[in-house]
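This report concerns only the one structure given below.
Just so you know, all these numbers are worked out from the coordinates, no wet-lab data involved. Everything numeric here is computed off the predicted structure, so don't read it as measured data. As a convention, Cβ positions derive from the backbone with ideal geometry for all residues, glycine included, and neighbour counts pool all protein chains shown.
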Amino acid sequence: MSFNQNKSNRRIKMGMVGGGPGSFIGEIHRMAARLDNQIELVCGAFSSDHQKSKQTGEDLFLDPSRVYENYQHMMEIEAQLPPEQRMDFVAIVTPNHLHYGPAVAALKGGFHVMSDKPATVSLEEALKLRDVVNETGLLYGLSHTYLGYPMVKQARAMVTAGDIGQVRKILVEYPQGWLSHFEENSGKNKQSEWRTDPARSGISGSIGDIGTHGHSLAEYISGDVMTEVCADLNIFVQGRKLDDDGSIIFKMNNGARGALTASQICAGEENGLTIKIYGESGGLEWHQQQPSTLIFKPLGAPMQFLSAGVDKTYLSAEAHSACRLPAGHPEGYLEAFANLYTGFAEAIRALNENYKSHDLIGIEEGVRGMAFVEAVVKNSQSDQKWTKI
């Protein structure tokens, strides 16, 4: 067996597109990837400005010859390197409109892909990307961070086990306050500049950015898919081009009903993502800002506060494997993000064993996420009550 075929005796090698100076999410991806010592960054095209890309490479102590002018050059050169040197996969951490091109180039170049969410800037691109993923047979992962939390996995396992009975109601809210004022042209907030720009972010602001997290949580925990939406999108801040607030009621395939709010003009809020899910015999509640606790509300009995930790024997296997520390030692956003990367590395290692992860968030979720955004925008702009996803 060649060295490239047997990846169990070395770290998985990662390249990166994006993540240069001023990038928030790029460094988050790098920290998450290296947390469990399973992945090493070996190359990158970090910025469209080659000098900035070179500076990032220096800051990361990379070989200067493997800091590339653009992602096309990176794919071409990396593919020519010996198997024991070349990258195994590419992490894409650019603004939304630059997800599709690098992903297709990487897949066609023979490299797996881990992309920041959303998968693409439009449903049309997502469908084309799915075709490429299926044609190449390579792995594609999507960094829906909140699905990496142990107690989110615990909630999913409890719903699957029937602990709350048939799901009837799902309530999701994600309030933020960081876009309460117009900062797009201030030069002080790079994130606000591109996340509110239709050319770079897509057709929706609050729903595309954080509403998709609510959508992914609802589907992941319930094990079901969203089928119809009735939406109200708003722009509260004068001069803004994309929605900064949205309210949605929705239907799930199995008959459950729900409501989702996503707003970035809730002054004073940080990242208050919360989900409540109710079945015939009980409910579950999880708060992103207190991520180590899952509240279980059995019908006719006192509520229970379940906590994460490697010493908690009542946790599901999926939740337990996502923990690193004893209960009472908080694990948060970076650890959840790292769980996605470690799972992706494990999937790459096990390819020769016909590995198929049941917990790998991939292109199908990416397509459904973009279909959700487009259905919400379409419904909000029309007079019809319901729009199918």
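What to note about this one:
- In terms of surrounding Cβ atoms within a 10 Å radius of their Cβ, Thr293, Thr120 rank from fewest to most as Thr293, Thr120.
- Placing a pseudo-label 7 Å from each Cα along the Cα-to-Cβ vector at Asp383 and Arg324 gives an inter-label distance of 5.6 nm.
- By other beta-carbon atoms within 10 Å, ranking Lys52, Lys117, Lys188 with the fewest at the front produces Lys188, Lys52, Lys117.
- Positive minus negative residues near Cys230 (Lys, Arg vs Asp, Glu; Cβ under 14 Å): +2
- Residues in region 93-110 carry Karplus couplings, in order, of 10, 8, x, 3, 6, 10, 7, 5, x, x, 5, 5, 4, 5, 4, 5, x, x Hz; the curve used is 6.51 cos²θ - 1.76 cosθ + 1.60 with θ = phi - 60°, and Gly or Pro positions show x.
- Region 301-354: C-alpha gyration tensor shape, a/c 1.5 cut-off, then a/b vs b/c: prolate
- Long-range HN-HN contacts of Glu228 with modeled amide H, under 5 Å: Lys251, Ile389
- Scoring 93-99, 324-330 by mean Cβ neighbours within 10 Å over their residues and listing the highest first yields 93-99, 324-330.
- When the chain is treated as a GNM with alpha-carbon contacts under 10 Å, the residue of Gly18, Gly300, Gly362 showing the greatest mean-square fluctuation is Gly300.
- Gyration tensor (alpha-carbon) shape descriptor, region 258-389, a/c threshold 1.5: oblate
- Counting only Cβ charges, +1 for Lys and Arg and -1 for Asp and Glu, the dipole size of the chain around its Cα centre is about 440 debye.
- Sum of -39500 (n - 2.57) over DSSP H runs of 4+, divided by residues of the chain (222 nm, nearest 500): -9500 deg cm²/dmol
- Cα-based equivalent ellipsoid of region 12-143: semi-axis lengths in Å, sorted from largest, via gyration tensor: 21, 16, 14
- Within a Gaussian network of the chain (alpha carbon springs, distance under 10 Å), most fluctuating of Leu351, Leu171, Leu123: Leu351
- Among Ser47, Ser382, a tally of other beta-carbon atoms within 10 Å of each Cβ gives an order, fewest to most, of Ser382, Ser47.
- Compared with the alpha-carbon gap, the fully stretched path from Asp232 to Glu270 is longer by 11.4 nm at 0.36 nm per residue.
- Contour minus Cα-Cα distance for Thr160 and Gln289 (0.36 nm per residue): 44.0 nm
- Other-chain or far-sequence residues with amide H under 5 Å of Gln176's (modelled H): Ser263, Gln264, Ile265, Cys266
- Most mobile of His215, His29, His181 in a GNM of the chain (Cα contacts under 10 Å): His181
- Label-point separation, Ala301 to Tyr314 (7 Å along Cα→Cβ), nm: 0.8
- Placing pseudo-labels 7 Å out from each Cα toward the beta carbon at Glu346 and Lys190 gives an inter-label distance of 3.3 nm.
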